[in-house]
Amino acid sequence: MKPASPYDALETEPPLDYSVLSLELCKPKDFRLLEVRRTYEGGVIKCDLRVENLENNYPKYRALSYTWGPATRHELDRLPGGASDNEQRKHGILCNQQLLLVTKNLYDFLQQLSQASPLENEAIRYFWIDSICINQEDPDERASQVNMMSDIYRHAEEVVIWLGKSDEDTTLACNLVKKLGYLSQNERDSLDLESLRSKENITTPLGESHTSAHWKAVVELFGRTWFTRAWVVQEYVLARDVVVLCGSLTLDLYKNQP
């Protein structure tokens, strides 16, 4: 007999109802924040929502920037044609003791956060995540919250960019990108990743030789679907500070550099 999974119990939980839980957004500038609880590996992801107001004393929070759909082009290619965002929400979590379905990419982020958070300041406990903090079944609320998104990102302590789970090439890519951060702007502009990946060995202005595998890994990293999103520029520019995550690895996109 197949052993019981902790997720089997989710099938008996009621679906998340924002009104029953007194989570309605009743005042102008109301918004919801999410706290992700720590859990053991393989355990059910548990979260709690609360209502705050941008004009009152709200707690420090982070805003998540991510893609609802697949994180990589390879995953996107395997997705059945015409699959909507709602059809991709198949992964169950418990939110305020009720069932909420999320997409795989968001589920991967919540799992990373709940088991081994790579974020440095753990005193910031709350997140704003659009697909959870906005009632997706309420068109009026969606429209109202979308109009507030610039304020929500601007007031966040930092924006967390989630590129998806890491793979075997992510460490290669992140290490090389960190080294490239020490180059001048002109030196960085001289690097053409698409042409570099076809060469066996490249000597960079860093004075080191890197194999084509390193450059291919960088190309694949920056080919992830987050970089194709229309909202990317707004979410990045509005942020006070930015941290980029790919699995448990962090990447510096020079937000605080002159």
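The values are calculated or read from the model by the stated rules, or taken from the named source; none is laboratory data. The model shown is predicted, which means the values in this text are computed figures rather than measured ones. Reconstructed Cβ throughout: ideal geometry from the backbone, glycine too, with neighbour counts over all protein chains shown.
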(message) Within the stretch 45-76, take every residue that is among the aromatic types (Phe, Trp, Tyr) and in contact with an Asp or Glu (Cβ under 8 Å, 6 or more places away or on another chain) and give me the one that is farthest from LEU245 (Cα to Cα).
(response) TYR58
(message) Pairs needed: first member in the stretch 88-112, hydroxyl-bearing (Ser, Thr, Tyr); second member anywhere, assigned to a strand (DSSP E or B); C-beta distance under 6 Å; at least 6 residues apart or different chains.
(response) TYR107/HIS91
(message) Need a quick list: helices (runs of 4 or more DSSP H) entirely within the stretch 139-258 having at least 1 residues that are under 24 Å from ASP108 (Cβ atoms) and modelled with pLDDT of 75 or more.
(response) 139-155, 170-180, 212-222, 232-238
(message) When the residues of the stretch 36-76 are narrowed to those that are of a type in the set (Val, Ile, Thr) and in a strand (DSSP E or B), which ends up nearest to the chain's Cα centre (by Cα)?
(response) VAL36
(message) Looking at the stretch 72-93, can you tell me whether even one residue there is of a type in the set (Ser, Thr, Tyr), at pLDDT 95 or above and buried (at least 19 other Cβ atoms within 10 Å of the Cβ)?
(response) no
(message) Here are the criteria: (1) out of contact with any Phe, Trp or Tyr (no Cβ under 9 Å at 6 or more places or on another chain); (2) within 16 Å of ILE45 (Cβ to Cβ); (3) assigned to a helix (DSSP H, G or I). Tell me which single one GLN112 does not satisfy.
(response) (1)
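For residues that are part of a loop (DSSP other than H, G, I, E, B) and among the hydrophobic types (A, V, I, L, M, F, W, C), tally how many sit in the stretch 123-138. Walk me through how you get there before you give the answer.
Taking the stretch 123-138 first, the residues part of a loop (DSSP other than H, G, I, E, B) are 123-125, 129, 134-138.
Now restrict to residues that are among the hydrophobic types (A, V, I, L, M, F, W, C): 123-124, 129, 134.
Residues in the stretch 123-138 being part of a loop (DSSP other than H, G, I, E, B) and among the hydrophobic types (A, V, I, L, M, F, W, C): 4 in total.
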(message) Just to be sure I understand, how many residues within the stretch 17-64 are charged (D, E, K, R), free of Cβ contacts under 8 Å to residues at least 60 places away in the same chain and either under 16 Å from SER144 (Cβ atoms) or surrounded by 18 or more Cβ atoms within 10 Å (Cβ to Cβ) (or both)?
(response) 5
